[in-house]
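The values are calculated or read from the model by the stated rules, or taken from the named source; none is laboratory data. Note that the structure is a prediction, hence the values are computed from the model and not measured. Ideal geometry is used to build each Cβ from the backbone, glycine not excepted, and the neighbour counts take in all protein chains shown.
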Amino acid sequence: MGTEVTYFDLATMYFERGNREKAVEYHRLALERFEQIIAENSEDIEFVFITASKVHLLGFTLLGNMVHLGEDSGLAKEYCTLARKTFEELSESFPTNLAFPEMLVSFAEQCGEMYKDADKMEAAALEFEYARKHLEVLYESCPENYSYGIRLFGTLNNLGIAYSDSGEQEKGKEYFEKAIAFNLRSRSPLPRRP
């Protein structure tokens, strides 16, 4: 990692000093550089994995700050979108490597929890829906994986909370019922934790 992180740090410094225009300029430079690095190193899967994870971490940190301050979080979402897009492409290229969809689930869970804590339930629901979609595929492909079942149950429950708290009580109730049904259905096949 090099200039792209320095651009991000400069953007943070300018934002803290109140110079939003300069902050946006440096965030744009950081995003362009990250995109370039990922494209230029597309054959080095481990490097792309690490780089996309770093992009998500920076974007998630920025997103949390923006949401907390009530600021526009569009640029932060661009970092998260770049990371997500990269892992989606890796998942498509290497469908048997479960590390890639697992990262997509982790990204969505983190963002969903952050939005839930900030009482932004509509945004939380979108993230939890994304996590649910990928978790269902992971769980179906590997139902003996204890963590997939636990995480899917938690995501269904979080969807119930997010929809209920955003005024969609019927949809919330539907997801709470799905969580209960899933827990009852999956209780016996799930192995005990070692």
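Things worth noting here:
- Options 128, 94, 100: the member that is more than 26 Å from residue 156 (Cβ to Cβ) and among the aromatic types (Phe, Trp, Tyr): 94
- Scope region 103-116; condition crowded, with 18+ Cβ neighbours inside 10 Å and either touching a His at 6+ places or on another chain (Cβ under 6 Å) or not aromatic (Phe, Trp, Tyr) (or both); matching residues: 103, 104, 105, 107, 108, 109, 110, 111, 112, 114, 116
- Residue within region 187-194 that is part of a helix (DSSP H, G or I) and either surrounded by 15 or more Cβ atoms within 10 Å (Cβ to Cβ) or under 21 Å from the mean Cα position of the chain (by Cα) (or both) present: no
- Some residue of region 61-71 being at pLDDT 95 or above and among the aliphatic types (A, V, I, L, M): no
- Candidate set from region 101-125 (those that are without any contact (Cβ under 8 Å) to a residue 40 or more places away in the chain and under 18 Å from residue 54 (Cβ atoms)); member that is nearest to the chain's Cα centre (by Cα): 108
- Checked against (1) in the same structural domain as residue 48 (by TED's automatic domain parsing); (2) more than 16 Å from the chain's Cα centre (by Cα), residue 87 meets all criteria but (2).
- Members of region 15-29 found to be buried (at least 18 other Cβ atoms within 10 Å of the Cβ) and either without any contact (Cβ under 8 Å) to a residue 40 or more places away in the chain or not in a helix (DSSP H, G or I) (or both), listed by number: 15, 23, 26
- Only listed residue being among the basic types (Lys, Arg) and modelled with pLDDT under 95, chosen from 133, 120: 120
- Candidates in region 1-14 are the residues that are in contact with a Lys or Arg (Cβ under 9 Å, 6 or more places away or on another chain) and buried (at least 17 other Cβ atoms within 10 Å of the Cβ); of these, the one that is farthest from residue 90 (Cα to Cα) is 14.
- Filter pass, residue 78 being of a type in the set (Asp, Glu), surrounded by 22 or more Cβ atoms within 10 Å (Cβ to Cβ), within 15 Å of the chain's Cα centre (by Cα) and within 30 Å of residue 29 (Cα to Cα): no
- Some residue of region 94-105 being small (Gly, Ala, Ser) and either within 21 Å of residue 124 (Cβ to Cβ) or assigned to a loop (DSSP other than H, G, I, E, B) (or both): no
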